[in-house]
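Asks: Could you have a look at this structure, given as structure tokens, before my questions?
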Amino acid sequence: MTHPGFSYDNRTGRGPGRMVRTMSAVLPGVARVWSQVEPYAESWRAHNLTHLDLPGRRWVVLGDSMSVGIGATSYDAGWVGQLARRLAHDGQGLRVLNLAATGAGVSDVLEQQLPVLEEIGSRDDDLVTVLVGSNDLFGARARRDRLPDGFAAMVERVPVGSVVATLPQPSGAAARANVHVERAAAAGRVAMVDLRVTGPSSWKGRLASDYFHPNDAGYAALAGAFEPTVRARLGARPCA
């Protein structure tokens, strides 16, 4: 069944930044990866439309290109698709609703993706995952400066029990943002995936041709980082 009232299209409404445009013009590997942006967004939109009304427990994905699967060989070969297949193999199949968008930052999660979730209605047994912040860290200074406050707002607005990843990058803004995830996890409001600890120790051989996004092997490692916390969340009682 399709859902004609569902208009979200897995796009932020912004095009690639100047750096990406410049690098795509001179580096074929960058252009190759970024040529996936539109088809992968369209593939997730089509997936969402056909899965929105199906029965079964739902996995709502919030975030950026890492959850879209940019850099993988197909839109569903990213960490979301790989982990979904692992879970289904063990009898924990989920109905994935992926609201992630390439180029998204924390403000996009707050202003675009969470309102979509609120519109369609979150459920007590939803699995909600959040992986975001890299675009803020590598963007303009104003975005980095706003990142910690954005994380503070985000961990208060996501549904209770959401699985939220920390930022593994060794920067002051990331550290200040991570504090809010740590506090929310300590208070029992979210479940934390600490990518500073569980993320890949090396990205050698795990990056796509733009040397920024993961390839299939990199996304397998990222799926492995999320897997224990996701499985624990699926085995827990629905949060009130």
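The values are calculated or read from the model by the stated rules, or taken from the named source; none is laboratory data. Please read all numbers here as calculations on a predicted model, not as lab measurements. Note: ideal-geometry Cβ built from the backbone for every residue, glycine included; neighbour counts use all protein chains shown. These area figures cover heavy atoms from the full protein model, side chains too; ligands, DNA and RNA do not enter into them. Shrake-Rupley method; radii C 1.70, N 1.55, O 1.52, S 1.80 Å.
Asks: Looking at region 191-206, which of the residues that are under 17 Å from the mean Cα position of the chain (by Cα) and not in a loop (DSSP other than H, G, I, E, B) is farthest from LEU167 (Cα to Cα)?
Replies: First pass over region 191-206, keeping only residues under 17 Å from the mean Cα position of the chain (by Cα): 191-196, 198-200.
Restricting the remaining residues to those that are not in a loop (DSSP other than H, G, I, E, B) gives 191-193, 195-196, 198.
Numbers: ALA191: 14, MET192: 11, VAL193: 10, LEU195: 6, ARG196: 7, THR198: 11 Å.
Here the residue is ALA191.
Asks: If only one of VAL160, VAL132 is farther than 18 Å from HIS51 by Cβ and within 15 Å of the chain's Cα centre (by Cα), which one is it?
Replies: Of the residues listed, the single one that is farther than 18 Å from HIS51 by Cβ and within 15 Å of the chain's Cα centre (by Cα) is VAL132.
Asks: Which members of region 167-177 meet the condition of being aliphatic (A, V, I, L, M) and surrounded by fewer than 18 Cβ atoms within 10 Å (Cβ to Cβ)? Reasoning before the result, please.
Replies: Kept after step one, since they are aliphatic (A, V, I, L, M), are these residues of region 167-177: 167, 173-175, 177.
ALA175, the sole residue that qualifies.
Each row is one residue, and each column tells you yes or no for (1) modelled with pLDDT of 95 or more; (2) touching a strand residue (DSSP E or B) at 6+ places or on another chain (Cβ under 7 Å); (3) surrounded by 16 or more Cβ atoms within 10 Å (Cβ to Cβ).
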residue	(1), (2), (3)
GLU156	yes, no, no
GLY161	yes, yes, yes
ALA165	yes, yes, yes
ASP194	yes, no, yes
ALA225	yes, yes, yes
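Asks: Select from region 196-223 the residues that are of a type in the set (S, T, N, Q) and closer than 21 Å to TRP34 by Cα and write down the one among them that is modelled with the lowest pLDDT.
Replies: So in region 196-223, the residues of a type in the set (S, T, N, Q) come out as 198, 201-202, 209, 215.
Adding the requirement that they be closer than 21 Å to TRP34 by Cα leaves 209, 215.
On the way: SER209: 92, ASN215: 97.
Of everything passing the filter in region 196-223, SER209 is modelled with the lowest pLDDT.
Asks: Can you tell me which of (1) open to solvent by less than 50 Å² (accessible area, probe 1.4 Å); (2) in a helix (DSSP H, G or I); (3) of a type outside the set (Lys, Arg); (4) in contact (Cβ under 8 Å) with a residue 24 or more places away in the chain is the one ALA185 doesn't meet?
Replies: (4)
Asks: Let me spell it out: the conditions are (1) assigned to a loop (DSSP other than H, G, I, E, B); (2) within 23 Å of PRO115 (Cα to Cα); (3) not acidic (Asp, Glu), and TYR211 meets all of them except one. Which number is the exception?
Replies: Every condition holds for TYR211 apart from (2).
Asks: Give region 32-63 a look and list any residue that's in a helix (DSSP H, G or I) and among the aromatic types (Phe, Trp, Tyr), or say none.
Replies: TRP34, TYR40, TRP44
Asks: Please go through region 109-147 and pick out each residue that is hydrophobic (A, V, I, L, M, F, W, C) and surrounded by fewer than 16 Cβ atoms within 10 Å (Cβ to Cβ).
Replies: Selection gives PHE138, ALA140, ALA142.
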